[in-house]
Every structure is written in structure tokens, then in C-alpha cells.
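Novice: Mind looking over this structure? Questions follow.
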Amino acid sequence: MDTKPFTSGLSENAVLITRVADRQWHALDDDLVVCRGYAKHRPDGRLFVSIDAWHDAAFDRLAEAMLAALPAPLYTVVDEADVELTAGWQRAGFTIRRREWEYAVPTDPRVTGLGEVLPPPGVTILPAGHADEGLLRAVDRAIRDEVEATIGWQSMPAEVIPRREGDTIVDPSKYAVAAAPDRYLGLIRVVTVRRPRIGLVAVRAGEQRRGIARSLLAHALGTLHNSGSAEAWTEVHESNRPATALFEGIGARPMSSNLELVR
């Protein structure tokens, strides 16, 4: 671990930068921590950085030190409403890669209109924890390959829950699935940390436009409603019009937007 401090030499009262742990830095002004920086790999393998700063000068110097020590490409996510933080990363050479809308999703079927929704003939919704793990992994792999061949999996919402390296399933017990007699056609993943998050709802390309995604949502949201959760949340890429239409069609409300930047 490199704990040797250095200064950027940009002013007489230079902020002192020190690496305090693996992928963790502090900026010190007269021995007071005025800025903290972190770097962490997401489950998809990309390296994301973040900085908590109260002054532009401290941010710029800490960013300079971190970027010199870390391999490219680097990513970060900011609330689009935080124009100062966005400007700081842009000064450091980051550019906007994508925009994601965060939605609050009601669970009450009287609000969503999903109370009477049934899966199409020949399809059964299996609740979370009841899926065959082999068939679950097969449909997950098939859907990922289909997405990767078109828009690319990195256009999907971030997978923020840790999983084993090389594994694409966060936790088999978190997935409900749409099942045909011989295989699974779609899946939905709901994980609760501070609040329920719909991290993924996806259907195989050849089975889309049959109402399977709505059936999966009806099941998952109904389950959350019955357990006492009034709302869930999810993120949708701004270019994903089918997903936007699906969620807005059940009363989901856009609450904020996040920017993913890359250098």
C-alpha cells in the first residue's frame, strides 16, 4: 500500500494527497481530511471511481492523483442534478456515456392495473426461490447473449449486488421466472437492500410482445404489495423505449436521473 503523500504543486497552500488503503485516497489540508476518493470494481468488471469533496481545488488534485494511479477505462456515476460534481469529473477528462432514469414503481394493483394480468397460455410464473437453477442460468445466459449481440449488456441497469467472479446470477433465490414446459422464457430479479429494487426484467427475444414481462411485473409487484411495500424502484436507460413504456404504463414516476461518465 502506497501511503507516501505528494502535492500537485498547483498553489502555495497545496493540498496533501495520500493513499490510505488499496484504492482509497485522502486529501489533507493542514492535517484535516477535506476530500476522500475511492475506486471499486462493479460486478461487470468495470472500475468505478468516486470522490467526496467540498472544494473544487481538492477535488481536482485528488482526481489527478487517482487517475495517475488507476488503469483506464474508468467510470463514475453522478446525480444529474449535481452540476458541480459533473463539472468536476468533466474537468478530469470524463465524458457522458449514458443517462439512466430512476423510477418509483407503485406496487398496489389498483394503481398499476396489473391485478387481472395473467401469463399467456402455456406459461407459468414461478415465484422467487422456486426456479430450477440450471434452467434459470440457461435463460439468463441466453438473454445476456441476445442483449450483447444487439445493444450490449453494459446498456442494462448496473448490477450493484456482489456475486462470484465469472457468475452472472446474483442470487438464485431472488429471481422469479416465466416458465414453459421445457425451458424458461423470462425472468425478474428483485433485491431489497434499503428498499425493493427491480434490478432486471427480461424476456427472450423470440418470446417478446406476448405479455410475459407484464406478467412477471404483476407477480413481483403483487408479492411486494402483499408483504407491505408500497413502492419499488428501478432504473431505465433513456434510450430503452420499450422499458420506459412498460414502467410508465403501470404508473411508475421518474424521480431523478443519473449520468454515467467514462474516461
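Novice: Please report, largest first and rounded to whole Å, the three semi-axes of the ellipsoid equivalent to region 1-141, where each semi-axis is the square root of five times an eigenvalue of the C-alpha gyration tensor.
Specialist: Taking √(5λ) for each Cα gyration eigenvalue gives 45, 19, 13 Å.
Novice: Right, next: Mind listing P(r) for region 171-210? All alpha-carbon pairs, 10 Å bins, whole percents.
Specialist: Reading the bins upward from 0: 27, 49, 20, 4.
Novice: Let me check I have the definition right: for region 12-70, take the eigenvalues of the Cα gyration tensor, multiply each by 5, take square roots. What are those semi-axes in whole Å, largest first?
Specialist: 22, 10, 9
Novice: Measure out, as a whole number of angstrom, how far apart the alpha-carbon centroids of region 175-244 and region 28-53 sit.
Specialist: 33 Å
Novice: Right, something else. Over all directions, how big on average is the projection of the convex hull of the alpha-carbon atoms in region 171-241, in square nanometres?
Specialist: Average of the hull's projected areas for region 171-241 equals 5.8 nm².
Novice: I've got another one for you. With +1 on each Lys and Arg Cβ and -1 on each Asp and Glu Cβ, how big is the dipole of the chain about its Cα centre, in debye rounded to the nearest 20?
Specialist: Here the size comes out at about 780 debye.
Novice: Placing one identical point scatterer on every Cα of the chain and ignoring solvent, what is log10 I(q)/I(0) from the Debye formula at q = 0.11, 0.14 Å⁻¹?
Specialist: Taking Cα atoms of the chain as identical point scatterers yields -0.70, -0.97.
Novice: Now, a different point. Would you work out the charge dipole size for region 69-117 about its Cα centre, treating the Cβ of every Lys and Arg as +1 and the Cβ of every Asp and Glu as -1, and quote it to the nearest 20 debye?
Specialist: Dipole about the Cα centre, nearest 20: 280 debye.
Novice: Please state the charge dipole magnitude for region 174-263, taken about the Cα centre, from unit charges on C-beta atoms (+1 on K and R, -1 on D and E), reported in debye and rounded to the nearest 20.
Specialist: Result for region 174-263 is approximately 120 debye, rounded to the nearest 20.
Novice: Picking from ILE96, HIS130, THR18, whose Cα lies most toward the positive end of the charge dipole for the chain (charges on Cβ: Lys, Arg +1; Asp, Glu -1)?
Specialist: HIS130
Laboratory data are not the source of any read-out in this text; all were calculated from the coordinates shown. On a predicted model such as this, the values are computed, not experimentally measured, just so you know. Cβ coordinates were reconstructed from backbone atoms using ideal geometry, including for glycine residues, and neighbour counts include every protein chain displayed.
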